[in-house]
Amino acid sequence: MRRPRLARALLAIPLAAALLLGAACMAYPPEYVWRVFIWRDADADDHTRFPMRRIAPAPDARPLPVRDEKPAVQAAWRKAGGGADMEARLEELGTQAFVVVHGGEIIYEGYFNGGSPDGWVTSFSVAKSMVSALVGIAIAEGAIGSIDDPVTRYLPELRQRDARFDAVTLRHLVRMASGIRYREFPFLHGDDAKTYYYPDLRALALGESRIDGAPGRSFHYNNYHPLLLGMVLERATRMPVAQYLERRLWQPAGMASPASWSLDSESSGFEKMESGINATARDFARFGLLMLRQGRNGDRQVVPQSWAIESTAPDAAPPPPGYYDASPWTRGRRDRYYQAFWWGQRRPGGGYDFAARGNHGQFVFVSPANDLVIARNGWRYGMDAKQWFELAQFMADELGPRTALASVSAGR
C-alpha cells in the first residue's frame, strides 16, 4: 500500500506547483511570474536576459593611461587584511574585475572568473549613482526645475491616487527618505522582486507605490525611488533615459566602450532604473574618476560641480534621531551616511570617501584625499559590502596621494 501512496504524493507535487503558478498568473503578469520562478535571484548574467537599449561610446574616446603599480597595490591589499595572495583571493571571492585608478592612471587591473577588459559587467545598484548624476545634469539644463520640486509636478498621476504624494520631493526620492512603503518579502508579493522583474515598471511605480509615512523623517532603501525618478527624467528631457545618459554623461565623460541599459520588457521599453546599466569595468572606474574630479572630464564640466559635491558629501547637520535605524551601514556609526544615491563615510581629520554600491558586491569606491578610485565587479559579494568599503579605504590610505606613491615607486 505504501507504493501507491508514495506515487500519489509525488504526482501531487507538480499538480500543486501548477495550481500555484496558475493562481500567481491570475494575480500578476505571466512574464513576471515566469521570471521570478525560473530566473529566481538576480545574477551577473542578467544583461543577457533582458532586452536592452544600447549606449554608444564617446567618438573621441581615449583610453585611460596605464602606470603599472601592481606590487604596490598587492602590498596595500595585504596590509588591508585582504590576504597574502591578492589575485588568488579576488578569484576566490567571485570577483570578475578589479580596477584601481590613481592620479588619473590605471595602476592595476585584474580579471577573474571569466571577466575580461572588453566584457560587460552589470551595475546592479551602481546604476542609481548614475541616475543621481543625470538628475543633477537635468536640473542644470533647466529640464527639471529643482531638486526640491514635488514629484507630482512631473507625475501628476500620483496625486490623483493619493494627495500625500504632493509632499514628496525629488530630494526625498534621491535620498531614500520619501515615506513610500517598501517590503522586500514575501516572494512574488515582495517589492524587491516586483521592482526588478515586473515587465512594466512604469505601471508598477505609478500604481503600486504607497505612502507609508511622512517624507524626510527616516531612511529606507527603496527601489521605487529610482523608478519614479526615471519617469521624471523621461518626461522632463523628452527622451529615453539611456539616450539622455549617452548624450549628457557617457560620451561627454569620454567613456571608451559601448554599454547598454537593460529594459523591463520589449513592449514597455523602460530602463531598469534601479540596476540595469551594463558596461566595462574600466568605464565604471572612469565614472568614479569623473565624480572624483567633481564632475569634470578634462576641460569639460559634465556633471555640475555643485551637484557632484552635494550628491556625495555628508550634510553639515546631523540627521534627525532614528533617521538611519533601518540601515545596517549607518546604524551605530555617526561617521557614515547616505546622500543622493551614494554611500559615504567621513574621515576623522576632515574630508570623506564615497561609493556607488550594487548587489553581489559591485562597487565604485572614490577617495578624494588619495586621488584614487577602485571599481570592483563580481558574480557574488564574496564578503560584506561594508568589508569591501573598509578594505578599499585602507588600500587607498596605504597607496596615499599620487606624489607619495611616486616617491615610493622611484625608490624600490
Checklist entry - What do you get when you divide the Cα radius of gyration of segment 110-215 by 2.2 N^0.38 Å, with N the number of residues? => result 1.30
Item to check | Isotropic mean projected area of the C-alpha convex hull, the chain (nm²) | outcome: 23.5 nm²
Next on the checklist: When a/c reaches 1.5 or more, the comparison of a/b and b/c decides; with that in mind, is segment 270-403 rounded, prolate or oblate per its Cα gyration tensor?
Outcome noted: rounded
Checklist entry - Can you give the three extents of the C-alpha atoms in segment 103-157 along their principal axes, from longest to shortest, in whole Å? => result 47, 30, 15
Item to check | Hits among lysines - C-alpha to C-alpha of K79 under 28 Å, sequence gap 8 or more where chains match | outcome: K70, K386
Next on the checklist: 5 Å is the cut-off here: which amide hydrogens, built 1.01 Å from N in the peptide plane, fall below it relative to T169, excluding neighbours closer than 5 in sequence?
Outcome noted: V151
Checklist outcome for this item: Fewest-first ordering of L90, L228 by Cβ atoms within 10 Å yields L90, L228
Checklist entry - For V303, V101, what's the fewest-to-most ordering of other Cβ within 10 Å of each Cβ? => result V101, V303
Checklist entry - Can you give the alpha-carbon Rg of segment 321-360 over 2.2 N^0.38 Å, where N counts its residues? => result 1.19
Checklist entry - Which longest run of the chain has no exposed loop site in it, a site being GluC sites (Glu not before Pro) in a DSSP loop with at most 14 other beta carbons within 10 Å, and the site itself not part of the run? => result 1-183
Next on the checklist: Which lysines, if any, have their Cα less than 23 Å from the Cα of K194, not counting same-chain residues under 8 positions apart?
Outcome noted: K128, K272
Checklist outcome for this item: Ignoring chymotrypsin sites (Phe, Trp or Tyr not before Pro) buried by more than 16 other Cβ within 10 Å or outside DSSP loops, the longest site-free run in the chain is 1-220
Item to check | Convex hull projection area averaged over all views, segment 209-334, Cα basis, nm² | outcome: 10.0 nm²
Checklist outcome for this item: Going from the fewest other Cβ atoms within 10 Å to the most, one would list S146, S178, S262 as S146, S262, S178
Item to check | Normalised convex hull volume, segment 293-371, alpha-carbon set, Å³ per residue | outcome: 116 Å³
Checklist outcome for this item: Rh_Kirkwood(segment 169-264) over Cα pairs, Å, one decimal, evaluates to 14.7 Å
Next on the checklist: Quick check: the distance between the Cα centres of segment 294-370 and segment 139-171, to the nearest angstrom?
Outcome noted: 24 Å
Next on the checklist: Under a Cβ-only charge scheme (Lys and Arg +1, Asp and Glu -1), can you give me the dipole magnitude of the chain about the Cα centre, in debye to the nearest 20?
Outcome noted: 720 debye
Item to check | Percentage relative contact order, the chain, counting C-alpha pairs under 8 Å, at least six apart | outcome: 23 percent
Item to check | Lys, Arg +1 and Asp, Glu -1 on Cβ, resulting dipole of segment 129-203 about Cα centre, debye, nearest 20 | outcome: 160 debye
Item to check | Around G145: net Lys/Arg minus Asp/Glu count, Cβ-Cβ under 13 Å | outcome: 0
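FYI, it's all coordinate maths here, none of it is from the lab. Just so we're clear, the structure is a prediction, and the values are computed from it rather than from any experiment. Neighbour counts are summed over all protein chains in view; Cβ atoms, including those assigned to glycine, are modelled from backbone coordinates with ideal geometry.
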